[in-house]
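What follows is a single structure, written as structure tokens, with notes after it.
The values are calculated or read from the model by the stated rules, or taken from the named source; none is laboratory data. This one's a predicted model, so the numbers in the text were calculated from it and none came from an experiment. Quick reminder, even Gly has a Cβ in these numbers, built from the backbone with ideal geometry, and neighbours come from all protein chains shown.
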Amino acid sequence: MPPAPPHALVPIPAAVRLAPPDSFVLDTTTTVVVDAGAGAEAERIGQYLLQLIGRPARPELGRAAAGAAPAGSIALRLDPGATSLGLEGYELTVARDRVTLVANQPNGLFYGVQTLRQLFPWTVEHPAAFNRGLKLPAVRVTDGPRFAWRGAMLDVSRHFLPAGDVKRFVDLMALYKLNRLHLHLGDDQGWRIEIRSWPDLARVGGSTQVGGGPGGYYTQAEYADIVAYAASRFITVVPEIDMPAHINAAQVAYPELNCLPRTPTLYTGTEVGFSALCVSRDTVYRFVDDVVREISAITPGPWFHIGGDEVQKLTHEEYIRFVERAQGIVRSHGKQMIGWGEIAQAALEQGSIVQSWIPDSSRVHAARGGKIILSPAKRVYVDMKYDSTTVLGLRWAALIDVRDAYAWEPATYVAGVPESAILGVEAPLWSETVVKREDYDYMAFPRLAAVAELGWSPAAMRAWDDFRVRLGAQGPRLQALGVNFYRSPQVPWRR
Ligand code: TNX
């Protein structure tokens, strides 16, 4: 077992300067103080911090004139002058007599709070722990992300995941400074969101799942609640309805969406590629328009993901025409289109985004000035097995242990897609074999923490030998949070 690391921050900040042996001690006299006039968001983040560390500290939020927080306080400050910190950056100073967190925007304050949280011992995560006298090491952290897009995807179609479990996943994403939650809401096996103008999509299309369970769907109110909850953790929800293939569940509800020589029936297997929209029919575009319109209306984020992958039953021309038409529909509802790598072959607008998962034409989109999200299946498909003995998961792309998920470089991974074209990284969790919350935990953690560091930390700060030790120190924290994570033998887990 290597010695305990000087700090266990994941993702590692852009700059950390520890100043031993000083420390700040959290006790009953500690107050969390927000600058008077910093605004509702800053106050909400102050309350969130109080909830995290709340029991030992004074329960009520304090307020002070800008920069005049009293000794013994943890002060949160929004500095309009600190523009160099950007949207998501922050500066955190822990000294013996006070903690000062400064950001330019609330997002940065929130991430600074996550860093503070990880500087406390893991017991801070456990509601039953007696946390008086918790120590923070004296340190100065100056931080901000490498990439704007740091995502995870939940496939709630193959198996339905109840809203409460999605929100818990959101909380775990926040711990690692992830900021995009992509929800795969429609596939062959299940349609998971209420569409009022086509009510049978959810009622019929959402009535089962892989293996034949009861399925389920989110009402628009439940979806909006997930979106708002994620936003409170500075995570933007990206809705996906996979089209023109992966659409069987919708076709069972509305057979007119199909013109292949087959009668759609509810599907509970795991084959891909057998379904396709009847792309020559007007009804199909009315369907696309209604679905994009209704979901866009309850999605404050700027993106709509149309899927676009694994289309086997259309000609190339049919596929391209469909993607280009969908792009116009998405734009008409005020959103930017995202699609899986295959869509890069179409005449995409510069503002459309390509999510690369296998070797594809992403470079074509990068060459026209478009942006790419990297989700290379061999590295960050967290539905892949860790090793040959993993019970859950698939293995078509690779076996992916923690090191495989961590030790690759986004800027050089795809030929023709330089750093300037990369929006960021995203780890999809497909759910063919993933049934319940514990399964999601097991596949996502700790690999999602590795992807979070890829997305956040400067390349020069990243090293596997260092990461694995910091990650090992996250073990007790994840355990205190009740996360059923995989104890990879590559990681020196601490107790
Ligand atoms: C490929 S990735 C798919 C999904 C499967 C996944 C399983 C992608 C765009 N399509 O339909 O769930 O593999 O790993």
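For PRO145, are the conditions met, namely being in a loop (DSSP other than H, G, I, E, B) and buried (at least 21 other Cβ atoms within 10 Å of the Cβ)? Let's see the steps before the verdict.
Values: in a loop (DSSP other than H, G, I, E, B): yes; buried (at least 21 other Cβ atoms within 10 Å of the Cβ): yes.
Taking the combined requirement at face value, the residue satisfies it.
Set side by side, the residues ASP360, ASP387 differ, and just one is within 14 Å of the ligand (Cβ to nearest atom), touching a residue at least 12 places away in the same chain (Cβ under 8 Å) and in a loop (DSSP other than H, G, I, E, B), which is ASP360.
You will find that of ALA103, ALA95, the residue that is in contact (Cβ under 8 Å) with a residue 12 or more places away in the chain, within 19 Å of PRO80 (Cβ to Cβ) and of a type in the set (A, V, I, L, M) is ALA103 and no other.
With respect to GLY369, is the statement that it is modelled with pLDDT of 95 or more, within 16 Å of the ligand (Cβ to nearest atom) and on the phi > 0 side of the Ramachandran plot true? No; evaluated as a whole, the condition is false for this residue.
Taking VAL156, is it under 23 Å from ALA230 (Cβ atoms), modelled with pLDDT of 95 or more, within 16 Å of the ligand (Cβ to nearest atom) and in contact with a Lys or Arg (Cβ under 6 Å, 6 or more places away or on another chain)? Quick ask: steps written out before the conclusion?
Working: under 23 Å from ALA230 (Cβ atoms): yes; modelled with pLDDT of 95 or more: yes; within 16 Å of the ligand (Cβ to nearest atom): yes; in contact with a Lys or Arg (Cβ under 6 Å, 6 or more places away or on another chain): yes.
Yes: the conditions hold for VAL156.
Yes or no: VAL292 aliphatic (A, V, I, L, M), within 22 Å of the chain's Cα centre (by Cα) and more than 16 Å from the ligand (Cβ to nearest atom)? Judged against the criteria, VAL292 is a match. Within segment 366-415, the set of residues being over 20 Å from the mean Cα position of the chain (by Cα) and polar (S, T, N, Q) comprises SER388, THR389, THR390, THR412.
Just need a number here: residues in segment 217-235 that are assigned to a helix (DSSP H, G or I) and among the β-branched types (Val, Ile, Thr). Please lay out each step first, then the result.
First pass over segment 217-235, keeping only residues assigned to a helix (DSSP H, G or I): 220-232.
Filter once more, keeping what is among the β-branched types (Val, Ile, Thr): 226-227.
Within segment 217-235, residues that are assigned to a helix (DSSP H, G or I) and among the β-branched types (Val, Ile, Thr) number 2.
Looking at LYS335, is it away from the ligand (no atom under 12 Å from the Cβ) and under 14 Å from GLU240 (Cβ atoms)? So LYS335 passes the test. When restricted to residues that are surrounded by fewer than 21 Cβ atoms within 10 Å (Cβ to Cβ), farther than 20 Å from HIS126 by Cα and among the hydrophobic types (A, V, I, L, M, F, W, C), segment 453-484 contains 6. Every condition in (1) at pLDDT 95 or above; (2) surrounded by fewer than 21 Cβ atoms within 10 Å (Cβ to Cβ) holds for ALA450 except the one numbered (2).
Here are VAL354, VAL382: which of them is within 16 Å of the ligand (Cβ to nearest atom), free of Cβ contacts under 8 Å to residues at least 24 places away in the same chain, among the hydrophobic types (A, V, I, L, M, F, W, C) and buried (at least 19 other Cβ atoms within 10 Å of the Cβ)?
Values: VAL382 fails: free of Cβ contacts under 8 Å to residues at least 24 places away in the same chain.
Of VAL354, VAL382, the one residue that is within 16 Å of the ligand (Cβ to nearest atom), free of Cβ contacts under 8 Å to residues at least 24 places away in the same chain, among the hydrophobic types (A, V, I, L, M, F, W, C) and buried (at least 19 other Cβ atoms within 10 Å of the Cβ) is VAL354.
I'd like the residue in segment 67-94 that is charged (D, E, K, R) and part of a loop (DSSP other than H, G, I, E, B) and, out of all such residues, is farthest from PHE147 (Cα to Cα). Selected residue: ASP79.
Selection over segment 363-384 of residues that are in contact with a helix residue (DSSP H, G or I) (Cβ under 8 Å, 6 or more places away or on another chain), under 27 Å from LYS436 (Cβ atoms) and assigned to a helix (DSSP H, G or I) gives a count of 3. As for segment 205-212, it holds at least one residue that is away from the ligand (no atom under 16 Å from the Cβ), without any contact (Cβ under 8 Å) to a residue 60 or more places away in the chain, part of a helix (DSSP H, G or I) and under 16 Å from SER431 (Cα atoms).
I'd like to check something: does segment 121-138 contain any residue that is closer than 29 Å to PRO410 by Cα, touching a residue at least 12 places away in the same chain (Cβ under 8 Å) and touching a helix residue (DSSP H, G or I) at 6+ places or on another chain (Cβ under 7 Å)? Walk me through how you get there before you give the answer.
Step one: of segment 121-138, the residues closer than 29 Å to PRO410 by Cα are none.
Among the residues of segment 121-138, not one is closer than 29 Å to PRO410 by Cα, touching a residue at least 12 places away in the same chain (Cβ under 8 Å) and touching a helix residue (DSSP H, G or I) at 6+ places or on another chain (Cβ under 7 Å), which makes the answer no.
Filtered by the rule that a residue be away from the ligand (no atom under 13 Å from the Cβ) and out of contact with any Leu (no Cβ under 6 Å at 6 or more places or on another chain), segment 400-410 gives ASP401, VAL402, ARG403, ASP404, ALA405, TYR406, ALA407, TRP408, GLU409.
Is it the case that VAL238 is touching a His at 6+ places or on another chain (Cβ under 6 Å), hydrophobic (A, V, I, L, M, F, W, C) and assigned by TED's automatic domain parsing to the domain that holds PRO300? Walk me through how you get there before you give the answer.
Working: touching a His at 6+ places or on another chain (Cβ under 6 Å): yes; hydrophobic (A, V, I, L, M, F, W, C): yes; assigned by TED's automatic domain parsing to the domain that holds PRO300: yes.
Yes, satisfied.
Which one of these is surrounded by 21 or more Cβ atoms within 10 Å (Cβ to Cβ), modelled with pLDDT of 95 or more, closer than 16 Å to ALA19 by Cα and of a type outside the set (Asp, Glu): VAL113, VAL99?
On the way: VAL113 fails: closer than 16 Å to ALA19 by Cα.
The unique qualifying residue is VAL99.
If you go through segment 411-457 and keep only what is away from the ligand (no atom under 16 Å from the Cβ) and part of a strand (DSSP E or B), you end up with ILE422, LEU423, GLY424. A single member of GLY86, GLY81, GLY108 is at positive phi and outside the structural domain of THR236 (by TED's automatic domain parsing), and it is GLY86.
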